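The values are calculated or read from the model by the stated rules, or taken from the named source; none is laboratory data. Bear in mind that the values here come from a model prediction, so they are computed numbers and not experimental data. For neighbour counting, all protein chains shown are included, and Cβ atoms are generated from backbone atoms with ideal geometry for every residue, glycine included. When the accessible area is computed, the model is the full protein with side chains, heavy atoms only, and any ligands, DNA or RNA have been set aside. Shrake-Rupley method; radii C 1.70, N 1.55, O 1.52, S 1.80 Å.
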Amino acid sequence: MRYLDEYRDPELARSLLDRLRRTATRPWRIMEVCGGQTHTLVRQGIDELLPAGIRMIHGPGCPVCVTPLETLDRAMAIAARPEVTFTSFGDMLRVPGTHTDLLSLRARGADVRVVYSPMDAVRIAVAEPERQVVFLAVGFETTAPANAMAVLHARRLGLANFSVLVSHVLVPPAMTALLAGPDCEVQAFLAAGHVCAVMGWTPYEPIAARWHVPIVVTGFEPLDLLEGVLMAVGQLEDGRGEVENQYARAVRRTGNTGAQQTVGRVFRVTDRTWRGIGPLPASGLELSPEYAEFDATCRFGVTDVRSAEHPECIAGAILTGAREPTDCAAYGTRCTPRTPFGAPMVSAEGTCAAYFAAGRARTVPVGSPP
């Protein structure tokens, strides 16, 4: 890729939309898995420009949004300890736990720091050996290699004051769970290009074969998404259910094997609870026993926490595509980016935040049930 303008050309966009209108002969429902793709679709108004009948369903592809509430409450309990320096990417600081968030804890004196890489947290642990440095390791397969490398580096340095609070989740099990749901409307997927840059698309091939569902690995720019939708609609019209790669400039079928080996060395697959969705088998990563010494949950004894979602938040229905943010009675009034009830309103990849930033208005009369 040389210039972003190449992937935002309005003439090419109109051409792709024309091809979509000529290709689609019936309504189709397509889910984009990634929250970054959701923001592009909503910010650029692409979902409203698509031919009548083609509906985009926004999926659970925001790693901040699906981080379980229990993990966030564990993070608060650890960050509040006087001997701890708690580090995280900035997009986690405003995500509400049961009672507070990391930014509020920092305002009250907790040593909570924003870092741009897990290696930054390792460097802090080296520079401040008297502090217990904890990194909040969340995300899909995309961020797992860097977090694994941080643990390996800490082991090489012999750091006894570095640990990670792990909440990695995996995309394919979530897609399978959605398809297996009794009310699933998804007929095709746009898969997240950055996840596939790491893992390749071979994990999606059994899903496409079993459910006969098109899966198109797609980038994040407007033309990427329009072409991805066109490829998905083409498969649906042809009666095919295969994995195709729109994001050829960044993704290979086998992905980054070196990164996969690093992840496999440090982590192992585990069951994981997704915020708003619930437990999904074999849908996450945890530290393998060889690296259990770096597990912040055990180090600080925060395995037993009691968490409770905000009673008005419908994040689970939004994350599974069953509802849209504008269906929520609290959207844009009681729940805003400054006063979020749930993660989708405050995360940089959250669907509610995308709708709010784009000025999407509530479609259900105020006072109606969500």
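Once the convex hull of all Cα atoms in region 25-145 is built, its volume per residue stands at 124 Å³.
In region 60-206, inverting the average of 1/r over every pair of distinct C-alpha atoms gives 16.6 Å as the Kirkwood radius.
How much of the DSSP bridge set in region 98-221 is antiparallel, in percent, rounded to the nearest 5? Within region 98-221, antiparallel bridges account for around 0 percent of the total.
Given Cβ point charges of +1 (Lys, Arg) and -1 (Asp, Glu) and nothing else, what value in debye, to the nearest 20, does the dipole of the chain about its Cα centre take? All intermediate terms of the calculation are to be shown ahead of the outcome.
Working: 36 positive and 39 negative charges, 53 e Å.
So the dipole magnitude of the chain works out to roughly 260 debye.
For the chain, adding -39500 (n - 2.57) for each run of n ≥ 4 DSSP H residues and dividing by the number of residues yields -10500 deg cm²/dmol at 222 nm.
With +1 assigned to the C-beta of every Lys and Arg and -1 to the C-beta of every Asp and Glu, and no other charges, what is the dipole magnitude of region 261-364 about the Cα centre in debye, to the nearest 20? Write out the running numbers ahead of the final one.
On the way: 11 positive and 11 negative charges, 71 e Å.
The calculated dipole for region 261-364 is roughly 340 debye.
For the chain, the longest principal axis of the C-alpha atoms and the axis of helix 171-180 are separated by about 50°.
Probing with 1.4 Å while keeping every protein chain in the model, the per residue accessible area of region 3-97 equals 41 Å². Note on region 211-290: along the principal axes its Cα atoms extend 47, 31, 23 Å, ordered by decreasing extent.
Nothing charged except the Cβ atoms of Lys and Arg (+1) and of Asp and Glu (-1): what's the magnitude of the dipole of region 71-183 about its Cα centre? Round to the nearest 20 debye. The partial results should precede the final answer.
Working: 10 positive and 10 negative charges, 59 e Å.
So the dipole magnitude of region 71-183 works out to roughly 280 debye.
Taking Pro222, Pro172, Pro311 in turn, the Gaussian network model of the chain (Cα-Cα springs below 10 Å) assigns the largest fluctuation to Pro311.
Candidate values (1) 74, 68, 41; (2) 81, 42, 36; (3) 66, 51, 41 were compared with Cα extents along the principal axes in Å computed on the shown model; the agreeing label is (3).
Compute the angle between helix 10-23 and the longest alpha-carbon principal axis of the chain, please, reported from 0 to 90 degrees and rounded to the nearest 10. Approximately 60 degrees, to the nearest 10.
Positive end of the dipole of the chain (Cβ unit charges, origin at the Cα centre): among Pro222, Leu72, Ala148, the Cα lying farthest that way belongs to Leu72. Rolling a 1.4 Å probe over the protein heavy atoms of the chain, with every protein chain left in place, gives an accessible area that is 53 percent carbon and sulfur.
Would you please put 127-134, 337-344 in order of how densely packed they are, using the mean number of other Cβ atoms within 10 angstrom per residue and starting with the highest?
Order by mean packing, descending: 337-344, 127-134.
Each Cα pair under 8 Å and six or more residues apart adds its separation to the average, and for region 254-352 the resulting relative contact order is 18 percent. For the chain, the relative contact order works out to 22 percent when only alpha carbon pairs closer than 8 Å and six or more residues apart are counted. Taking every alpha carbon pair in region 216-370, what does the distance histogram look like in 10 angstrom bins from 0, in percent? Histogramming region 216-370 at 10 Å steps yields 9, 22, 29, 28, 11, 1 percent.
When you restrict to C-alpha pairs under 8 Å that are six or more residues apart and normalise by the size of region 1-84, the relative contact order lands at 29 percent.
Compute the long axis of helix 144-157 from its Cα atoms, compare it with the longest principal axis of the Cα atoms of the chain, and write down the angle in degrees, 0 to 90, nearest 10. That works out to roughly 20 degrees. Using the alpha-carbon positions of region 1-90, Rg (one decimal) and Dmax (whole number) come out as 20.0, 63 Å.
If you take every DSSP beta bridge whose two residues both sit in the chain, what share of them, in percent to the nearest 5, is antiparallel? Working shown, then result.
Working: 9 of 42 bridges.
Restricted to the chain, the bridges split so that about 20 percent are antiparallel.
Stokes-Einstein, applied to the Kirkwood radius of region 151-263 over Cα pairs at a viscosity of 1.567 mPa s and 4 °C, places its translational diffusion at 83 µm² s⁻¹.
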